[in-house]
Amino acid sequence: MNRILSVVVNNRSGVLNRITGLFLRRGFNIQSLTVGTSETEGQSRMTIVLDVDDERTAEQVIKQLHKQIDVLKVSDITDQPIVARELVLIRVNSPLQTRSELTALIEPFRASIIDVSRDTVTIQAVGSPEKVDALIFLLHPYGIKELARTGLTAFVRGTDVAAEAPRPYRNRVLSI
Amino acid sequence: MGVDLKPSAKTCTSVKPLMNGSRMLVEALKREGVEVIFGYPGGAVLTIYDALYDGGIPHILARHEQGCIHAAEGYARVTGKPGVVIATSGPGATNLVTGIADAMLDSLPLVVFTGQVATQVIGSDAFQEASIIGITMPITKHNYQVRDVSELPRIIREAFHIATTGRPGPVLVDIPKDVSNAMGWFEDQEEVHLPGYQPTVIPHRMQIRKVLDAIRTAKKPVLLAGAGVLHARAQDLLREFAERAQLPVVNTLLGLGGFPASHPLFLGMGGMHGSYAANKALYEADLLINIGARFDDRLTGSLEHFAKSATVAHIDIDPAEIGKNVPTDIPVVGDAGEALKMLLEERPEPGDVAEWLAELGEAKRQRPFWYHDSDRELKPQRLIQMIHEFTGGGAIVVTDVGQHQMWAAQFYPLEEPHRWVTSGGLGTMGFGLPAAIGAQLGRPDALVVAVLGDGGFQMTMQELALLKEYNLPVKVIIVNNQALGMVRQWQELFYQGRYAHSIIPNLPDLVKLAEAYQIPGYRAKTPSEASEVLRRALAEPGPVLVDCWVTPGENVYPMVPPGKGLHEMVGVTP
Ligand SMILES: Cc1ncc(C[n+]2csc(CCOP(=O)(O)OP(=O)(O)O)c2C)c(N)n1
């Protein structure tokens with residue numbers, strides 16, 4: 001099962017190494033990890049998607065993260081109303097004959113073509129991991145030459161929005 | 001920090017002095033109250049050594065950096081104070097690695113300073129460059145590389161704070177050569193500001209009450225006490241609690257001494273070579289209260305069978321230990337001493353346990369540790385008993401790792417805390433002799449006995465030089481079975497007696513070796529010789545080495561075979 005952790009860390013050299021080293025040493029699997037600056041100077045926010053067997057492992061991961069001196073806050077946001085996004089770049093075969101077809105195909109994904117060459121186009125899409133998966137699935141038949149996903153970045157929705165969100169939506173990753 | 005307009009005494013008088021990073025280090029160590037440094041010089045710490053040259057803090061020069069770090073561990077174990085180590089970059093730093101890992105697993109407070117190549121050349125594979133930060137990240141509680149001399153006082157203060165609070169552990173500070181050379185203003189550090197490090201010391205009263213509720217209804221309770229009790233200096237509270245709640249007590253290997261061995265409620269050490277009564281209690285309990293132990297696999301045996309019918313309460317200052325190995329019903333995060341205080345405040349009442357206590361008492365009486373004694377051969381167990389007798393049970397016992405360690409744990413019952421120094425979690429051969437040196441330095445007036453195997457002794461025997469040099473009256477006793485005994489035992493039991501590289505018959509002459517290091521050496525091959533020689537050795541005012549030739553093929557029993565449950569012990573009776 002996947003758990004999404006939002007982790008605030010001191011932005012010090014080596015901190016990423018401490019986190020990944022911890023995962024290596026304890027044999028925890030990371031599905032994806034993104035890191036970048038946060039709203040507070042000197043602090044970074046990591047979004048870690050974990051692949052764990054059970055609740056106990058998830059709990060252990062969180063406790064071990066807490067033990068790191070440079071870790072300021074760990075929240076398991078899996079079951080909270082969150083906004084979660086991933087960016088993908090896909091370079092796909094696109095001879096002129098199929099180009100308009102492709103453009104139509106990616107339209108509903110609100111993806112865009114950001115680079116064009118004679119035989120390929122590069123598509124950029126932003127969305128939930130499920131949306132990105134779906135796009136990749138649809139593009140496969142055209143021949144994917146290169147693909148880069150950023151991994152998930154996420155945080156909890158603003159409280160007022162969360163309160164308004166209909167109940168069924170609260171318990172899963174919103175994919176709008 | 002807010003602006004304080006009232007001038008405090010401090011701000012009025014303290015003029016920040018200008019000095020180089022090395023002097024700052026020495027100054028900061030003095031302010032931390034450091035009594036002794038274990039170290040070894042080299043290129044990247046020359047300026048630091050130059051600052052040490054002016055004195056102020058005694059420095060012990062071990063003969064190998066591994067000696068430094070184990071000595072610091074021994075010192076920390078018996079004093080409760082942080083052990084301080086200095087080594088140079090590259091090989092000096094990497095030689096510390098085993099001891100750092102050992103201190104991490106056994107929760108010993110160390111502050112380790114390593115030299116590093118100059119900041120400008122870090123990353124260029126400069127002479128004697130090793131990424132000790134990268135290497136020690138998984139084996140330290142925290143580590144730092146100092147990038148600017150102005151950070152040094154703060155980092156040192158934080159390092160000591162982190163090493164000694166919460167669950168103690170090793171902290172490493174890597175100081176590039178240009179930083180220890182650079183001039184800066186020394187700023188006294190009072191407070192630490194570490195928002196990411198706030199150990200929970202005071203437990204939750206609700207949880208404490210749950211523990212007491214469980215005790216009231218339990219019919220077969222057992223209290224497992226680990227080294228957390230010793231770190232908290234809470235042995236008296238533990239005893240009072242066990243007595244008031246009528247709980248039988250099992251110690252972990254590292255918890256020994258935390259509860260008086262002669263106490264009627266004491267069942268002995270649990271685990272792989274623990275007592276029958278202790279393991280019976282752990283296996284059959286309906287309530288297991290763990291205080292300050294981490295459910296190491298050498299204690300639990302197969303987890304599949306461990307404490308299966310028990311409600312488990314776990315009191316630990318490190319929340320990550322709770323539920324890590326054993327599912328826990330009543331988690332209590334906090335310091336062992338604070339938890340015991342609160343448990344006592346909340347008035348513990350025993351359950352209906354008379355029958356259980358009688359049953360365990362009977363098990364203890366009927367199934368003590370045993371061995372076949374002999375008048376001709378010196379049995380290692382007998383040797384330990386003699387040491388116990390001749391030291392009146394009052395020595396600080398330091399061991400290495402292997403069979404002799406287990407025999408020492410079994411046959412040297414401890415009544416008092418902080419007299420047992422052993423490498424538990426990492427099981428580091430070579431630990432014993434340097435750790436004994438550190439223990440003696442920490443407790444100059446105590447009788448320190450180092451009980452070592454002939455194998456482990458040879459891993460750090462160069463440290464014998466320190467005994468004479470610093471006049472440390474350590475009694476070094478080699479339990480010489482001419483084998484890597486514990487390995488030999490496993491090969492006998494689990495590899496059909498195929499003794500692959502575990503028999504070492506051609507040892508150096510240990511008596512001559514002692515003499516070469518200018519300390520008296522004795523040898524004993526029979527019980528009567530041992531009796532005479534040990535008395536003489538213990539009467540000696542200075543250091544001495546005793547080479548005891550024990551029965552080579554002796555095994556440690558009882559034993560929980562690897563992968564088995566605590567109820568599957570073998571060798572419980574002769
Ligand atoms: C550094 C290190 N290497 C290897 C081992 C594996 N090991 C555990 S006990 C043991 C034998 C120890 O022999 P000795 O020191 O003679 O003690 P004895 O068991 O004979 O009492 C060995 C090799 C270890 N614990 N530590």
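The values are calculated or read from the model by the stated rules, or taken from the named source; none is laboratory data. The shown structure was predicted, so the numbers you read here are calculated from the model rather than taken from an experiment. Using ideal geometry, Cβ is built from the backbone for each residue, glycine included, and neighbour counts are taken over all protein chains shown. Remember, those area values only see protein heavy atoms, side chains included, never the ligands or the DNA or RNA. Shrake-Rupley method; radii C 1.70, N 1.55, O 1.52, S 1.80 Å.
Between B:Ile477, B:Ile504, which is at pLDDT below 95 and of a type in the set (A, V, I, L, M, F, W, C)?
On the way: B:Ile477 fails: at pLDDT below 95.
None of the other options fit; the residue is B:Ile504.
From A:Ile69, A:Ile123, which residue is under 21 Å from the mean Cα position of the chain (by Cα) and buried (at least 19 other Cβ atoms within 10 Å of the Cβ)?
Values: A:Ile69 fails: under 21 Å from the mean Cα position of the chain (by Cα).
After applying the criteria, what remains is A:Ile123.
Just to be sure, is B:Asp125 acidic (Asp, Glu) and not in a loop (DSSP other than H, G, I, E, B)?
no
Answer yes or no: is there a residue in segment B:323-334 that is open to solvent by less than 40 Å² (accessible area, probe 1.4 Å), out of contact with any strand residue (DSSP E or B) (no Cβ under 9 Å at 6 or more places or on another chain) and more than 14 Å from chain A (Cβ to nearest Cβ).
So far as segment B:323-334 goes, no, none of its residues is open to solvent by less than 40 Å² (accessible area, probe 1.4 Å), out of contact with any strand residue (DSSP E or B) (no Cβ under 9 Å at 6 or more places or on another chain) and more than 14 Å from chain A (Cβ to nearest Cβ).
Looking only at segment B:428-450, which residues are surrounded by fewer than 24 Cβ atoms within 10 Å (Cβ to Cβ) and more than 14 Å from the ligand (Cβ to nearest atom)?
B:Arg443, B:Pro444, B:Asp445, B:Ala446, B:Leu447
For segment A:73-93, name all the residues that are open to solvent by less than 40 Å² (accessible area, probe 1.4 Å) and either at the interface with chain B (Cβ under 10 Å from one of its Cβ atoms) or outside any loop (DSSP other than H, G, I, E, B) (or both).
Listed by number, the residues that qualify are A:Val74, A:Ser75, A:Ile82, A:Ala84, A:Glu86, A:Val88, A:Ile90, A:Val92.
If I ask for residues that are more than 14 Å from the ligand (Cβ to nearest atom), part of a loop (DSSP other than H, G, I, E, B) and surrounded by 13 or more Cβ atoms within 10 Å (Cβ to Cβ), which ones from segment B:499-517 would you list?
Within segment B:499-517, B:Tyr517 is the sole residue that qualifies.
Results for (1) within 14 Å of chain A (Cβ to nearest Cβ); (2) outside any loop (DSSP other than H, G, I, E, B); (3) open to solvent by 10 Å² or more (accessible area, probe 1.4 Å); (4) in contact (Cβ under 8 Å) with a residue 60 or more places away in the chain, shown as yes or no for each residue.
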residue	(1), (2), (3), (4)
B:Tyr283	no, yes, yes, yes
B:Glu304	no, yes, yes, yes
B:Ser309	no, no, yes, no
B:Ala313	no, yes, no, yes
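Go through segment B:451-480 and give me each residue that's within 16 Å of the ligand (Cβ to nearest atom), over 14 Å from B:Gly521 (Cβ atoms) and not acidic (Asp, Glu).
B:Val451, B:Gly453, B:Gly455, B:Gly456, B:Gln458, B:Met459, B:Thr460, B:Gln462, B:Val479
For segment A:9-30, what are the residues that are more than 9 Å from chain B (Cβ to nearest Cβ) and touching a residue at least 40 places away in the same chain (Cβ under 8 Å)?
A:Arg12, A:Val15, A:Ile19
Given the residues B:His418, B:His372, B:His388, which is the only one that is away from chain A (no Cβ under 14 Å), open to solvent by 20 Å² or more (accessible area, probe 1.4 Å), in contact with a helix residue (DSSP H, G or I) (Cβ under 6 Å, 6 or more places away or on another chain) and away from the ligand (no atom under 16 Å from the Cβ)? Spell out the reasoning first.
Details: B:His372 fails: in contact with a helix residue (DSSP H, G or I) (Cβ under 6 Å, 6 or more places away or on another chain); B:His388 fails: in contact with a helix residue (DSSP H, G or I) (Cβ under 6 Å, 6 or more places away or on another chain).
When all the criteria are applied, what remains is B:His418.
If you take the residues of segment B:179-212 that are open to solvent by 90 Å² or more (accessible area, probe 1.4 Å), part of a loop (DSSP other than H, G, I, E, B) and not charged (D, E, K, R), which of them is nearest to B:Ala163 (Cα to Cα)?
In this case the residue turns out to be B:Gln198.
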